[in-house]
Amino acid sequence: MADSTSDDHEKRVRDAFDSLHRNVGERMDDDARRSVEGLRTAAASRDKDQLRSGLTDVQQRHGWLYRELAEHPDVSNLLNELALWGF
């Protein structure tokens with residue numbers, strides 16, 4: 001993959017998760033923050049197994065946060081794109 005494409009992807013991931021954090025950061029405890037950072041890292045590196053595992057974990061342990069992820073337009077679009085691409 002070209003460096004510019006990789007850089008663009010990483011910027012999109014960073015921007016999407018920064019926006020999510022601005023929206024819900026005050027409600028997150030340390031455990032939820034670690035979960036979101038794990039998702040951010042997995043999305044940035046296109047690690048489908050880690051992303052799937054992280055989403056399942058968030059859904060089971062932080063239901064409210066899972067809903068926020070699903071409803072956040074940038075994060076939701078990003079996760080959907082990664083799923084469609086098989087990542």
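The values are calculated or read from the model by the stated rules, or taken from the named source; none is laboratory data. Please read these numbers as outputs of a predicted model, since none were measured by experiment. Virtual Cβ from ideal backbone geometry, glycine too; neighbours counted across all protein chains shown. Accessible surface areas use protein heavy atoms only, side chains included; no ligands, DNA or RNA. Shrake-Rupley method; radii C 1.70, N 1.55, O 1.52, S 1.80 Å.
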Count - residues of the range 58-84 that are more than 16 Å from Val13 (Cβ to Cβ) and surrounded by fewer than 15 Cβ atoms within 10 Å (Cβ to Cβ): 8
Residue within the range 37-45 that is closer than 15 Å to Asn80 by Cα, outside any helix (DSSP H, G or I) and open to solvent by less than 70 Å² (accessible area, probe 1.4 Å) present: no
Of all residues in the range 1-31 being surrounded by 18 or more Cβ atoms within 10 Å (Cβ to Cβ) and either among the aliphatic types (A, V, I, L, M) or under 10 Å from the mean Cα position of the chain (by Cα) (or both), the one that is farthest from Gly86 (Cα to Cα): Met28
Residue list for the range 1-57, filter: within 20 Å of Pro73 (Cβ to Cβ), of a type in the set (Lys, Arg) and in contact (Cβ under 8 Å) with a residue 24 or more places away in the chain: Arg12, Arg14, Arg27, Arg40
